[in-house]
Amino acid sequence: MIVSLVATGLFLFVLFVAAVRKFTFFGLKVSVMLFAAAGIYFVWNPDQMTRLAQLVGVGRGADLITYATTVILFLTVVGAIIRERRSGDVLTLLVRRLAIQQARFPERPKAGPGSRG
Amino acid sequence: MSRDNTLWFVIAAFNEGPMISEVVRGVAPHAQVVVVDDGSADDTGDQALAGGACVATHLVNRGQGAALQTGIDFALAQGAGHVVTFDADGQHDVAEALEMVARCRAEGLDAVLGSRFLGATVNMPFSRRLVIKAAVVFTRLTTGLNLTDAHNGLRVLSRDAARKIRIRQDRMAHASEILSQIARLRLNWREHPVTITYSEYSLAKGQKISNSVRILEDMLFGARS
Ligand SMILES: Nc1nc2c(ncn2[C@@H]2O[C@H](COP(=O)(O)OP(=O)(O)OP(=O)(O)O)[C@@H](O)[C@H]2O)c(=O)[nH]1
Ligand SMILES: [Mg+2]
């Protein structure tokens, strides 16, 4: 009972955040909201989860949840890696710009013209 | 041996304090040098400056690809006519680099690429040879370039080629990226035999096999466009 209540609370939170927050594309927002809503439904109707699992050829509801969780986790990690790389690219541009602006030149006694360009 | 002020050596260096000033002093009588100190923890930048190089400092480590692009941009801004990419760990030979520049000019090429397999290697570990041979096969298949070496850090680029090639792979995958851009831009390139020396110093710092996995990962995820 307590577990079900906590799970419901979490799904409600996800539902609320997804409803309020901006997403890169609308489909993702709808998917997350549907996912959370389905979560609440299945927490209180676990038999339906098992029926659904059997419908798609997976033995138990719990198994289906495990598979779904794995897939979602995988996609989340890939998304995080892509975002991390993007911010790395931005950092590189900044670091490179600064390096050129603050370049140091060697002391060059009686250097010919052009050494400081 | 007068100094050629339109020729710029670009040296990316990461924690090469013990070696960098010697490498710079080898080049400085012949050409201008920019060392990109890539967030080194040691005195690489000061040593390079003392050796007579211009020094551009990355505040944090961004990898050899990023550092080379910084150095190339700097050299182009200083009016470079030709750019040489050169390793900081003493593995490359200045005389051979100058030969490559002479050839690039004489034959009007866009790029001259060093090849240790046309030339020679000194003390190259077998495992390193295997990995690079695999990279050569891979690069031939993916770029269609008829190469004998890949991931060789010694290259000469004409000003035009240096402006067209844009390195977006921050880390070691830039070596493959440069080759694929040479292919895509249909640049006029030749390979030139060079000697790569694997000294104890360079071996201690050199690429580990595990890093080739990272290179593949970087190529898979691509780079910003
Ligand atoms: N800027 C920058 N340069 C690096 C970094 N790692 C290595 N380098 C430089 O890249 C050059 C070649 O690095 P190595 O690790 O020896 O790679 P390699 O020569 O391709 O590999 P080996 O055949 O094993 O010697 C040296 O001049 C290094 O200082 C880095 O993180 N940032
Ligand atoms: Mg090396």
Practice item. Give the interface area between chains B and A as buried accessible surface, both sides summed, probe 1.4 Å, in Å² to the nearest 100. Key: 2200 Å²
Review point. If you take the square roots of the eigenvalues of the alpha-carbon gyration tensor of the range B:4-221 and sort them as a ≥ b ≥ c, do you get rounded (a/c under 1.5), prolate (a/b over b/c) or oblate?
Key: rounded
Exercise for review: Determine the distance separating the Cα centre of the range A:67-93 from the Cα centre of the range B:99-149; give it in Å without decimals.
Suggested key: 35 Å
Exercise for review: Report the residue, chosen from B:ASP110, B:ASP46, B:ASP38, that carries the largest GNM mean-square fluctuation when chain B is represented by alpha-carbon nodes joined by springs under 10 Å.
Suggested key: B:ASP46
Review point. Given a 1.4 Å probe, how much area per residue of chain A is accessible, in Å²?
Key: 76 Å²
Check your understanding: B:ILE196 accessible area, nearest 10 Å², 1.4 Å probe?
Key -> 10 Å²
Point to revise | A:LYS29 accessible area, assembled protein chains, probe 1.4 Å, Å² | key: 40 Å²
Revision key, fill the gap. Taking chain B and counting helices only, DSSP H stretches of n ≥ 4 at -39,500 (n - 2.57) each over all residues, the nearest-500 ellipticity at 222 nm comes to -13500 deg cm²/dmol
Exercise for review: For chain B, set up a Gaussian network in which alpha carbons nearer than 10 Å are linked by springs, and say which option among B:PHE74, B:PHE126, B:PHE86 fluctuates the most.
Suggested key: B:PHE126
**Study point:** Residue order for B:ARG163, B:ARG155 - accessible surface, 1.4 angstrom probe, largest first
**Key:** B:ARG163, B:ARG155
Review point. Shape call for the range A:46-102 from the C-alpha gyration tensor, a ≥ b ≥ c root eigenvalues: rounded (a/c under 1.5), prolate (a/b greater than b/c) or oblate?
Key: prolate
Review point. Just the accessible area for B:ASP43, please: 1.4 Å probe, Å², rounded to the nearest 10?
Key: 70 Å²
Check your understanding: Roughly what % antiparallel, to the nearest 5, for the DSSP beta bridges in chain B?
Key -> 20 percent
Check your understanding: Of A:MET1, B:MET124, which has the most accessible area and how do the rest follow, probe 1.4 Å?
Key -> A:MET1, B:MET124
Review point. Name the GluC sites (Glu not before Pro) in the range B:74-122 that are in a loop by DSSP and that have at most 12 other C-beta atoms within 10 Å, would you?
Key: B:GLU107
Practice item. Heavy atoms only, probe 1.4 angstrom, no DNA, RNA or ligands counted: give me B:THR70, A:THR66, B:THR121 ranked by accessible area, highest first. Key: A:THR66, B:THR121, B:THR70
Review point. Roughly speaking, what is the stretch gain from A:LYS29 to A:PHE74, that is 0.36 nm per residue apart minus the C-alpha to C-alpha distance, in nm to one decimal?
Key: 14.4 nm
Exercise for review: Compare B:VAL23, B:VAL55, B:VAL131 in a GNM of chain B, Cα atoms joined below 10 Å, and give the one with the largest fluctuation.
Suggested key: B:VAL131
Exercise for review: Enter the Cα centre distance for the pair the range B:1-78 and the range A:1-56, rounded to the nearest angstrom.
Suggested key: 56 Å
Study note, to complete from the structure: Amide H neighbours of B:HIS192 at under 5 Å, excluding residues fewer than 5 places away on the same chain, with H built from the backbone geometry, are B:LEU113, B:GLY114, B:SER115
Point to revise | Model label zone, A:PHE105; criterion: amide N under 17 Å from point 7 Å along Cα-to-beta-carbon; scope the range B:38-67 | key: B:49-57
Review point. Hey, what do the phi angles of the range B:28-45 turn into as Karplus ³J(HN,Hα) couplings, whole Hz, using 6.51/-1.76/1.60 and θ = phi - 60°, x for Gly and Pro?
Key: 3, x, 9, 7, 7, 10, 10, 9, 9, 7, 8, x, 5, 8, 9, 9, 3, x
Study note, to complete from the structure: For B:ASN15, other-chain or 5+-apart residues with amide H closer than 5 Å (H placed, Pro excluded) are B:ASP38, B:SER40, B:ALA41, B:ASP42
Practice item. Return the lysines within reach of B:LYS133: Cα separation strictly under 17 angstrom, same-chain partners fewer than 8 residues apart disregarded; answer none if there are no such residues. Key: B:LYS208
Revision key, fill the gap. Applying the gyration tensor rule to the Cα atoms of the protein assembly as shown (axes a ≥ b ≥ c; rounded if a/c under 1.5, else prolate if a/b exceeds b/c, else oblate), the class is prolate
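The values are calculated or read from the model by the stated rules, or taken from the named source; none is laboratory data. Being a predicted model, the structure only gives us computed values, none of them experimental. Glycine also receives a Cβ, built like all others from the backbone with ideal geometry; neighbour counts cover every protein chain displayed. The protein model used for the area step is the full one, side chains on, heavy atoms only, and it has no ligands, DNA or RNA in it. Shrake-Rupley method; radii C 1.70, N 1.55, O 1.52, S 1.80 Å.
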